[in-house]
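Nothing in this text is a laboratory measurement; each read-out follows from the coordinates by a stated rule. Everything numeric in this text was worked out from a predicted model, so none of it was measured. A quick note on method: Cβ atoms are made from the backbone with ideal geometry, for glycine too, and the neighbour counts reach across all protein chains shown.
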Amino acid sequence: MIGFYFIIAITVLVSINGFQNKTLIDKCLFSPYLIKTSGDYKRMLLHVFIHADYAHLAFNMFSLFFLGEILFDSLMLYNADYGVMHFYIIYFVGGLFATIGPYYKNQNNASYASLGASGCVSAVVFAFILWHPSLELMLLFFPFPIPAYVFGPIYLALEFFALRRGKGNIAHDAHIGGAFFGIIYILLINPQKGINFLELISL
């Protein structure tokens, strides 16, 4: 569990420091153009530790805290030897996977830049949904709890719709990429979770 809280602690500390240090933000921003032209590949990971403002940071970290803690415990119960590794892969590799689409789409766009752990958190949320599809979630835009297996499709549909509209400054493609990684990884380590999910939604 220490490893789980370490992710939150280091992200909060680095983000708060970045709010007062523009140079740090500039060095960590995910900029496909700079990555392509300068080979500064560390940006593909460093951007997950910085956020635009306190609201952005709070939303990601609260989502990670409430759902990530349950997923972390579940992975530890599933495999005590590799549970921590599985969680770290979902979070950090999920964050890297989430940058693939935005990178290829914007590698020649010098004005594009993004930051934040949303791709990582999206991977954790959808890994959680596949692991615990029957658990109920409370959402900001729904005043009542809904099962995780209902939330997942609604969330993805909204992200795809927002991505097609192409407006705003939210990296919807990164959210979608992270979500797919979370799903794929759970299916790789425990295919039965996919079978259970399909059985549940077919009832």
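Quick check for me: using +1 on Lys/Arg Cβ and -1 on Asp/Glu Cβ, what's the dipole size of the chain about its Cα centre, in debye to the nearest 20?
Details: 10 positive and 10 negative charges, 145 e Å.
Roughly 700 debye, rounded to the nearest 20.
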Next on the checklist: How high is the relative contact order of the chain? Use alpha-carbon pairs under 8 Å, at least six apart in sequence, and give a whole percent.
Outcome noted: 23
Item to check | Projected label distance in nm at LYS22 and ILE146, using a 7 Å step from Cα toward the beta-carbon | outcome: 4.1
Next on the checklist: To make sure I understand, if each residue's beta carbon is the centre and we count other beta carbons within 10 Å, what order do ILE25, ILE154 fall in, fewest to most?
Outcome noted: ILE154, ILE25
Next on the checklist: I want to verify a result. In a Gaussian network model of the chain, Cα cutoff 10 Å, which of these has the top mean-square fluctuation: PHE97, PHE65, PHE161?
Outcome noted: PHE161
Item to check | Per-residue ³J(HN,Hα) for region 86-98, Karplus 6.51 cos²θ - 1.76 cosθ + 1.60, θ = phi - 60°, Hz, x for Gly and Pro | outcome: 4, 5, 5, 5, 4, 6, 7, 5, x, x, 5, 4, 5
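Find how much the distance from LEU198 to ALA110 grows on full extension, using 0.36 nm per residue of separation minus their present alpha carbon separation; answer in nm with one decimal.
Details: separation 88, 0.36 × 88 = 31.68 nm, distance 4.25 nm.
In short, 27.4 nm is gained.
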Item to check | Residue among TYR78, TYR149, TYR103 with the largest mean-square fluctuation in a Gaussian network model of the chain, springs linking Cα atoms under 10 Å | outcome: TYR78
Item to check | Overall dimensions of region 94-203 by Cα: Rg and Dmax, Å | outcome: 14.9, 49
Item to check | Compactness of the chain, expressed as Rg and Dmax over alpha-carbon positions, Å | outcome: 16.8, 53
Item to check | Whole-Å distance, taken between Cα centres, linking region 24-56 and region 66-104 | outcome: 20
Next on the checklist: Ignoring trypsin sites (Lys or Arg not before Pro) that are buried or in helix or strand per DSSP, and keeping those with at most 12 other beta carbon atoms within 10 Å, what is the longest stretch of the chain between them?
Outcome noted: 43-166
Checklist outcome for this item: The FRET efficiency for LEU135 and LYS36, from their Cβ-Cβ distance with R0 = 30 Å and rounded to 0.05, is 0.15
